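Before any comments, here is the structure.
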Ligand SMILES: [Zn+2]
């Protein structure tokens, strides 16, 4: 589906695919600056969330004695379980909020 949109910069009508990245055929300015800003904001928020929930996983060292490796594996198992639960809750919240 395609439409046309009046360029906010030069006032000419331009071909528009309803895509935030579409630009004016006449002056090359963004046709929908609000959508572009909104998209950037969403992208930034997504990156912030990824950083907040990124966990430093325990690294298994093959040179560790067996008992250290044993406890590290248990710790890693808890970490993975925790991340899974948090991901599930976030998915559930997104589902309920949507
Ligand atoms: Zn223009």
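The values are calculated or read from the model by the stated rules, or taken from the named source; none is laboratory data. Predicted, not measured: the structure shown is a model, and the values here were computed from it. Every residue, glycine as well, gets a Cβ built from its backbone with ideal geometry; the counts of neighbours run over all protein chains shown.
Residue pairs whose Cβ atoms lie under 8 Å apart, separated by 6 or more positions or on different chains, with the first residue in the range 30-51 and assigned to a helix (DSSP H, G or I) and the second at pLDDT 90 or above, are 33/8; 36/30.
How many of the residues making up the range 28-40 are within 11 Å of the ligand (Cβ to nearest atom) and surrounded by 13 or more Cβ atoms within 10 Å (Cβ to Cβ)? Number satisfying all stated conditions: 3. Do we have any residue at all in the range 10-20 that's away from the ligand (no atom under 16 Å from the Cβ), part of a loop (DSSP other than H, G, I, E, B) and surrounded by 12 or more Cβ atoms within 10 Å (Cβ to Cβ)? Yes; the residues of the range 10-20 include at least one that is away from the ligand (no atom under 16 Å from the Cβ), part of a loop (DSSP other than H, G, I, E, B) and surrounded by 12 or more Cβ atoms within 10 Å (Cβ to Cβ).
Evaluation of residue 86 against the conditions (1) in contact with a helix residue (DSSP H, G or I) (Cβ under 9 Å, 6 or more places away or on another chain); (2) modelled with pLDDT of 90 or more; (3) part of a helix (DSSP H, G or I) shows that the sole unmet condition is (1).
Taking the numbered list (1) surrounded by 13 or more Cβ atoms within 10 Å (Cβ to Cβ); (2) touching a helix residue (DSSP H, G or I) at 6+ places or on another chain (Cβ under 8 Å) in turn, residue 72 passes all entries but (2).
Pick from 25, 51: which is within 21 Å of the chain's Cα centre (by Cα) and modelled with pLDDT under 95? First the steps, then the outcome.
On the way: 25 fails: within 21 Å of the chain's Cα centre (by Cα).
Only one candidate qualifies: 51.
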